[in-house]
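A.B. asks: One structure, pasted below without further comment.
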């Protein structure tokens, strides 16, 4: 299971002038669903993801994962950040194994999983390489494998490809599509890139400027399995026009 439910969730950061980051967010993400949060910088996308990860507490409302309240981080909710943040003194395979080893799992228990993940992310030949020997895209592949080695029920991704060049991003999009197709993990994906959201997600939730609310939801009608070739599909272009119109309208409301 990997269901996520937000009910009237709000988040306010205290201070002399409190900042209302989120206001009455309602969202349900089903098991195995790929949902993208799309919106302008500062709209609360990452805050929503951090609440699911257990990194922050909400101010109001309820948030549940698989029917239980979220109160702290847990291995069933793995996070992939924009920067892979690998340990530079460990090899690729050792970085992937870091989580299970810290939890004192038996090496024989997780080694087959590491080999499978190295194959899945295309890094078999780089198992013994150090992070300094890898490109940015390869480091992010290690970050994804490191998250998946714990067999999470949900993968929480905060603009994981934002720092990559266009060509590398495209290859990472295809990698993520292939990995998700293989594993079927629930994914909550934060982005400000419209094309990225359409290509990857089953459903796109558009957020307003702060205080963040979900103003519009779009079910993506592109066939699966998907590939980057679908960027020119008529359904893709139609969805992009719809999203751009919705975001322009929201911008006018907050002008």
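A.B. asks: Are any residues in the stretch 111-126 touching a helix residue (DSSP H, G or I) at 6+ places or on another chain (Cβ under 7 Å) and assigned to a helix (DSSP H, G or I), and if so, which ones?
C.D. replies: Within the stretch 111-126, 114, 117, 118, 120, 124, 126 meet the criteria.
A.B. asks: Applying the selection to the stretch 38-89, what residues are on the phi < 0 side of the Ramachandran plot, more than 18 Å from the chain's Cα centre (by Cα) and buried (at least 16 other Cβ atoms within 10 Å of the Cβ)?
C.D. replies: 58, 59 - these are the residues of the stretch 38-89 that are on the phi < 0 side of the Ramachandran plot, more than 18 Å from the chain's Cα centre (by Cα) and buried (at least 16 other Cβ atoms within 10 Å of the Cβ).
A.B. asks: Follow-up. Would you call residue 129 free of Cβ contacts under 8 Å to residues at least 40 places away in the same chain, in a loop (DSSP other than H, G, I, E, B) and over 22 Å from residue 11 (Cβ atoms)?
C.D. replies: It is true that residue 129 is free of Cβ contacts under 8 Å to residues at least 40 places away in the same chain, in a loop (DSSP other than H, G, I, E, B) and over 22 Å from residue 11 (Cβ atoms).
A.B. asks: Does residue 100 count as surrounded by fewer than 18 Cβ atoms within 10 Å (Cβ to Cβ), at pLDDT below 95 and not in a loop (DSSP other than H, G, I, E, B)?
C.D. replies: Against the criterion (surrounded by fewer than 18 Cβ atoms within 10 Å (Cβ to Cβ), at pLDDT below 95 and not in a loop (DSSP other than H, G, I, E, B)), residue 100 does not qualify.
A.B. asks: Sort out which residues of the stretch 182-198 are out of contact with any strand residue (DSSP E or B) (no Cβ under 9 Å at 6 or more places or on another chain) and closer than 28 Å to residue 113 by Cβ, and write them in order of number.
C.D. replies: Residues satisfying the conditions are 182, 184.
A.B. asks: Being in a loop (DSSP other than H, G, I, E, B) and surrounded by 12 or more Cβ atoms within 10 Å (Cβ to Cβ) is the filter here, so list the residues in the stretch 222-239 that pass it.
C.D. replies: 222, 224, 226, 227, 233
A.B. asks: Sticking with this one: Could you grab me the full set of residues in the stretch 1-26 that are farther than 15 Å from residue 211 by Cβ, surrounded by fewer than 15 Cβ atoms within 10 Å (Cβ to Cβ) and touching a residue at least 24 places away in the same chain (Cβ under 8 Å)?
C.D. replies: 1, 7
A.B. asks: Take residue 147 and tell me if it is over 19 Å from residue 86 (Cα atoms), part of a helix (DSSP H, G or I), in contact (Cβ under 8 Å) with a residue 40 or more places away in the chain and touching a strand residue (DSSP E or B) at 6+ places or on another chain (Cβ under 6 Å).
C.D. replies: no
The values are calculated or read from the model by the stated rules, or taken from the named source; none is laboratory data. Keep in mind that what you see is a predicted model, and the values were worked out from it rather than measured. Every residue, glycine among them, receives a Cβ derived from its backbone with ideal geometry; neighbour counts consider all protein chains shown.
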